[in-house]
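Input: a single structure, listed below in structure tokens.
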Amino acid sequence: MRHLLDTHTFVWWINDDRQLSPRVRQIIGSPEHELLFSAASAWELAIKAQLGRIDLPSDLSEFIRRQLAVNGFVALPITVEHALRVAGLPPLHRDPFDRLLIAQALLEDVPLLTADRLIAQYPVRVLW
């Protein structure tokens, strides 16, 4: 089964953070699941690193590419359809990155692995 990682889920997985739920830890650790990492998450991490809001290696491109390879995550590009689907979402969540992840999860028909309770208010499958 395919799943889409929220940005914090990706960060918590690579840092072995205990905030990651046992259920999500099992999903990510299981080879039977295809785990998608959105270009939106790479964009979010790049911005947060530049603003000093998250501490990541200086060569963010290499770091993310290495993490995708090591963990077997599949890069999910942002399409025009993904971007346009955001316009049809109710304004429950103001974070543009999360809104794009919601649109991608809806259009790709995959659950979103997230602890964000605001996202769960959308008609998207959320697992945590």
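What follows is calculated from the coordinates using simple rules that are stated; it is not laboratory data. Fair warning: this is a prediction, and the values are worked out from it, not measured in the lab. Quick reminder, even Gly has a Cβ in these numbers, built from the backbone with ideal geometry, and neighbours come from all protein chains shown.
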| task | Subtracting the Cα-Cα distance from 0.36 nm times the residue separation, let me have the gained length for residue 48 to residue 15 in nm, one decimal. | result | 10.2 nm
| field | In the range 1-33, trypsin sites (Lys or Arg not before Pro) in a DSSP loop with at most 13 other beta-carbon atoms within 10 Å | value | 18
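Within 10 Å, count the other beta carbons around each residue, average over each peptide in 91-99, 49-57, and list them highest first.
So the peptides 91-99, 49-57, ranked by packing, come out 91-99, 49-57.
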| Under the Karplus relation 6.51 cos²θ - 1.76 cosθ + 1.60, θ = phi - 60°, what is the ordered set of whole-Hz ³J(HN,Hα) values for the range 64-75, x standing for Gly and Pro? | 5, 4, 5, 5, 4, 5, 4, 9, x, 6, 9, 5
| query | Around residue 76, which amide H atoms from residues at least 5 apart in sequence, or from another chain, sit under 5 Å from its own amide H, with H modelled in the peptide plane? | reply | 37, 38, 39
| query | Mind checking the dipole of the chain: about its Cα centre, +1 per Lys or Arg Cβ, -1 per Asp or Glu Cβ, Debye to the nearest 20? | reply | 240 debye
| request: Quick one: dipole size for the range 85-126, taken about the Cα centre, charges +1 on Lys/Arg Cβ and -1 on Asp/Glu Cβ, in debye to the nearest 20. | output: 120 debye
| task | Rank 30, 41, 8 by how far each Cα sits towards the positive end of the charge dipole of the range 2-127 (+1 on Lys, Arg Cβ; -1 on Asp, Glu Cβ) and give me just the farthest. | result | 8
| said: Can you give me the C-alpha center-to-center distance between the range 4-36 and the range 68-115, rounded to a whole angstrom? | reply: 16 Å
| said: Can you tell me how the range 69-128 classifies by the Cα gyration tensor, rounded, prolate or oblate, using a/c under 1.5 as the rounded cut? | reply: oblate
| Karplus (6.51, -1.76, 1.60) ³J(HN,Hα), θ = phi - 60°, over the range 20-26, in Hz, Gly and Pro reported as x | 5, 5, x, 4, 5, 4, 5
| said: Rounded, prolate or oblate, given the Cα gyration tensor of the range 8-57, with a/c below 1.5 counting as rounded? | reply: oblate
| message | Please compute the modelled spin-label separation between residue 117 and residue 23, points set 7 Å along Cα→Cβ, answer in nm with one decimal. | response | 1.5 nm
| request: Would you grab the residues whose amide H sits under 5 Å from the one on residue 125? Only those 5+ places off in sequence or on another chain, please, with H modelled 1.01 Å from N. | output: 112
